[in-house]
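See below for the structure under consideration.
The values are calculated or read from the model by the stated rules, or taken from the named source; none is laboratory data. Note that the structure is a prediction, hence the values are computed from the model and not measured. We place every Cβ from the backbone using ideal geometry, glycine too, and count neighbours over all the protein chains shown. Only protein heavy atoms, including side chains, enter the accessible area calculation; ligands, DNA and RNA are left aside. Shrake-Rupley method; radii C 1.70, N 1.55, O 1.52, S 1.80 Å.
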Amino acid sequence: MFTFIDLFSGCGGLSLGLMQAGGKGLFAIERHPHAFETLKQNLCANANSGDLVFDWPDWLPQQNHDICAINKNYSERLKGLRGKVDVVAGGPPCQGFSFSGRRDASDPRNRMLFEFVATVELVKPKFALVENVVGLNSPLKHVHTKSKKVSTINFGDRLRSQLSKVGYFAVTFIVDAADCGVPQTRRRLITVAVRKDLILGNKPDIAALWNIARSEHLQKLGFDPTKPVGVKAAISDLEIDFCGTTQCTEFSNFLEIKHRKPRTAYQKLMGGSVFQNFDARLPKHKLATIEKFKYLQAHCVPGKSLTSKQRANTGRKKLRQAVLAPRKPSPTLTTLPDDLIHYSEPRILTVREYARLQSFPDWFRFYGSYTTGGERRLTDCPKYTQVGNAVPVLLAKALGGLLHLLMTEFASSRPAVLLESYCANIPVVYKTRT
């Protein structure tokens, strides 16, 4: 077992997966009150999660916090955790690095990477784990404020450099959530850092250990590593034609899916046999929208973004909108639910279906509004946003398996898998199955 704290935790996907892998969470730091409320209700002494709860310290109020304030106001408390925390983990904000966004080197959220390092320096855990978008490791153009000169910044290099300065050996590699049993193609950059005083001989090949951990993870799940879980296998028990509908338990003027029974092994894994109708509210689409969805289901290539002609024919402006391919993993989930259209029904997905594609179990309930718009987009964190921003739970569980292997290797002071040749400034990249 390993102990961990989770920074930038969101609604709790990373924490839940690490707990499922045997980790013991001490506390989590999340700035937004809606996302933290979801984490609190599910992973803080909640009956639904059983033993999967944080061992929250008395000195830290169980509420949303800003990491900058935590590092400043609780620095001595964090130092007091030295020797008690095995892992500091987290997924700092990625909007400034993502290929789906503006890739702005001056985005103030980028500096949260270094707040993560600051916490690591205070706590001095054995390991640090960072989950982020692949774009973190690609150079960003930066225009200097005064001179207006253009340069490039690689925040992935900076992260590894800062971790090295505070005493850690860091390795970066790419993973795909679909390779870990998640019914979603979601490529992510993983940075794992080991405290240098633990390394007595050659540096460990962490990327190779990840390959072992991922294989063991899939074997325990009973999943075929050559056959990723498709969308239909994940949510077919929530089809209206199969289940029917009933009045929504949360909103009387809406309908929700009336779950019957799980139909696949993945659905059983998510707890479908004890399904609770949380977050199953069906959207209310206008008739014109339904007709457009039907047109797209009939004419577009499932799993592929709409062509310019299809967007013109339906008046859709979204570049990334796609109809789901039933037998393939979903494209990467975003915070916008209308990016994806159901594979057979003319509608977007419910929050529960969204959560299934992120491998959240059915008992995990989300708190806050369903959606938001206008100026509220800048401040709200509705349910769809919480799910879309989360670390897929099964990916987090596989990463927990990697941490367990690292704990085992360094407990014996004899890393079993050694890197034959390694340059400290060049990251090791493990390429997943295509």
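Of the strands (runs of 3 or more DSSP E) lying entirely inside the range 149-227, those carrying at least 1 residues that are touching a Leu at 6+ places or on another chain (Cβ under 7 Å) and in contact (Cβ under 8 Å) with a residue 60 or more places away in the chain are 168-176, 187-195.
Taken over the range 214-225, the criterion of being open to solvent by less than 50 Å² (accessible area, probe 1.4 Å) and not hydrophobic (A, V, I, L, M, F, W, C) is satisfied by ARG214, HIS217. Among residues of the range 280-301 being part of a loop (DSSP other than H, G, I, E, B) and over 23 Å from the mean Cα position of the chain (by Cα), the one that is surrounded by the fewest Cβ atoms within 10 Å (Cβ to Cβ) is LYS286. Of the candidates ASP51, ASP86, ASP107, ASP58, the single residue that is under 22 Å from the mean Cα position of the chain (by Cα), of a type in the set (Asp, Glu) and at pLDDT 95 or above is ASP86. Scanning the range 356-374 for residues that are open to solvent by less than 10 Å² (accessible area, probe 1.4 Å), over 18 Å from ARG188 (Cβ atoms) and not in a loop (DSSP other than H, G, I, E, B) yields one hit, ARG356. Applying the condition of being open to solvent by less than 70 Å² (accessible area, probe 1.4 Å) and out of contact with any strand residue (DSSP E or B) (no Cβ under 7 Å at 6 or more places or on another chain) to the range 308-322 and asking which residue is modelled with the lowest pLDDT yields LYS318.
Does the range 390-412 contain any residue that is at pLDDT below 90 and either farther than 30 Å from LYS126 by Cα or not in a helix (DSSP H, G or I) (or both)? There is at least one residue in the range 390-412 that is at pLDDT below 90 and either farther than 30 Å from LYS126 by Cα or not in a helix (DSSP H, G or I) (or both).
Residues in the range 2-26 that are among the small types (Gly, Ala, Ser) and part of a helix (DSSP H, G or I) were compared, and the one that is surrounded by the fewest Cβ atoms within 10 Å (Cβ to Cβ) is GLY17. You will find that of ARG187, ARG195, the residue that is among the basic types (Lys, Arg), touching a Lys or Arg at 6+ places or on another chain (Cβ under 6 Å) and surrounded by fewer than 20 Cβ atoms within 10 Å (Cβ to Cβ) is ARG195 and no other. Only residues that are assigned to a helix (DSSP H, G or I) and either closer than 16 Å to VAL393 by Cα or in contact with an Asp or Glu (Cβ under 8 Å, 6 or more places away or on another chain) (or both) were counted in the range 232-273, giving 11.
Filtering the range 302-342 to residues that are outside any loop (DSSP other than H, G, I, E, B) and of a type in the set (A, V, I, L, M, F, W, C) leaves ALA312, ALA322, VAL323, LEU340, ILE341. Looking at the structure I just gave you, is ASN277 surrounded by fewer than 15 Cβ atoms within 10 Å (Cβ to Cβ), among the polar types (S, T, N, Q), touching a residue at least 12 places away in the same chain (Cβ under 8 Å) and on the phi < 0 side of the Ramachandran plot? Against the criterion (surrounded by fewer than 15 Cβ atoms within 10 Å (Cβ to Cβ), among the polar types (S, T, N, Q), touching a residue at least 12 places away in the same chain (Cβ under 8 Å) and on the phi < 0 side of the Ramachandran plot), ASN277 does not qualify. Restrict the check to the range 248-266 and report whether at least one residue is among the small types (Gly, Ala, Ser), under 20 Å from GLY401 (Cα atoms), at pLDDT below 95 and open to solvent by 10 Å² or more (accessible area, probe 1.4 Å). No: the range 248-266 contains no residue that is among the small types (Gly, Ala, Ser), under 20 Å from GLY401 (Cα atoms), at pLDDT below 95 and open to solvent by 10 Å² or more (accessible area, probe 1.4 Å). Has the range 375-384 got at least one residue that is modelled with pLDDT of 90 or more, assigned to a loop (DSSP other than H, G, I, E, B) and farther than 22 Å from PRO228 by Cα? Among the residues of the range 375-384, at least one is modelled with pLDDT of 90 or more, assigned to a loop (DSSP other than H, G, I, E, B) and farther than 22 Å from PRO228 by Cα, which makes the answer yes. If you go through the range 226-243 and keep only what is surrounded by 15 or more Cβ atoms within 10 Å (Cβ to Cβ), under 30 Å from PHE173 (Cα atoms) and of a type outside the set (A, V, I, L, M), you end up with PRO228, GLY230, LYS232.
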